Amino acid sequence: MDIEALMTQKGMRDFTDEQRQTFTTDATQLRQLAQIIQARLAHTQIDGDRTGSAGRRARKVARRLTKVARLVEKAAAETEAVNAVYLREVVELPARRARELEKKNDRRQRLGIAAASVHDKVGKSLTTSTNTLTGVQPTMPAQPPTVGQPAVQYVNPQPFQFPGQPSSTAAPVPHIGDFFGQQEAL
C-alpha cells in the first residue's frame, strides 16, 4: 500500500471502496455460514439431549456468527464514513476556510468594521482607563466638545417639605384643629 497514493482523494476513495467490498463479502459469507451451521447442528443429536435441545444449541452458535456478520457490516459502513470524513476535514477544508474568510471580510466591509479602527478604539479606551486610574488629565482636543441640552430631570429631589425644616417660602404645617372645630369632651 502506497501511503502517498492513499493521501489523495482518488487514493482514499479506492482504498475505502476496496475495504468496503471486502467487508461486505465477508459479512455475506458469515451469514450463509451461520445458516448452514444452524441447520446442521439442529439435526445433530448428542447423547442425553432432550426434545428441542439441538435446536437451542444451534441457535446459540448461529447467533454468535450472525453478530459477527453484523459487526463486519458495521465496519463496512465505518469504512465508508472514513472517506466522507477525509473529504470533509482534509480535502475540502482549505476551500471552506477561504469561503468563510471571504464572507467575514464582506460582512466587515458592509458594516464598516475595519481591523485598524477596532484597534484604535481599544487603544483609546485603554488609554482613558489608565489616565483615569492614575489621575493624569487627558490633553484637550483641538475642538472643544459641543454642549447639548441638559438632561431632563423628571423627579424632584425633594418633592415635599419635611416637617421641622425651616423654609422661607413654605407655609408652616397646619394643625389638625385648624380644619375641625374644637369640641368639648363629654
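The values are calculated or read from the model by the stated rules, or taken from the named source; none is laboratory data. These figures come from a predicted structure and were not determined experimentally. We place every Cβ from the backbone using ideal geometry, glycine too, and count neighbours over all the protein chains shown.
Structure above, values below:
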| quantity | calculated |
| --- | --- |
| Long-range neighbours under 6 Å by Cβ, at least six apart or interchain, first residue under 18 Å from LYS67 (Cβ atoms) within segment 5-30, second small (Gly, Ala, Ser) and surrounded by 12 or more Cβ atoms within 10 Å (Cβ to Cβ) | PHE23/ALA75; PHE23/ALA76; THR24/ALA76; ALA27/ALA69; LEU30/ALA69 |
| Selection within segment 80-134 - at pLDDT 85 or above and over 30 Å from MET7 (Cα atoms) | LYS104, ASN105, ASP106, ARG107 |
| Selection status of ALA27, part of a helix (DSSP H, G or I), in contact with an Asp or Glu (Cβ under 7 Å, 6 or more places away or on another chain) and of a type outside the set (Phe, Trp, Tyr) | yes |
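The rows are residues; the columns are (1) within 20 Å of GLN19 (Cα to Cα); (2) under 28 Å from the mean Cα position of the chain (by Cα); (3) without any contact (Cβ under 8 Å) to a residue 40 or more places away in the chain; (4) not in a helix (DSSP H, G or I).
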position: LYS74; (1), (2), (3), (4): yes, no, yes, no
position: ARG88; (1), (2), (3), (4): yes, yes, yes, no
position: ARG97; (1), (2), (3), (4): no, yes, yes, no
position: LEU101; (1), (2), (3), (4): no, yes, yes, no
position: ARG107; (1), (2), (3), (4): no, yes, yes, no
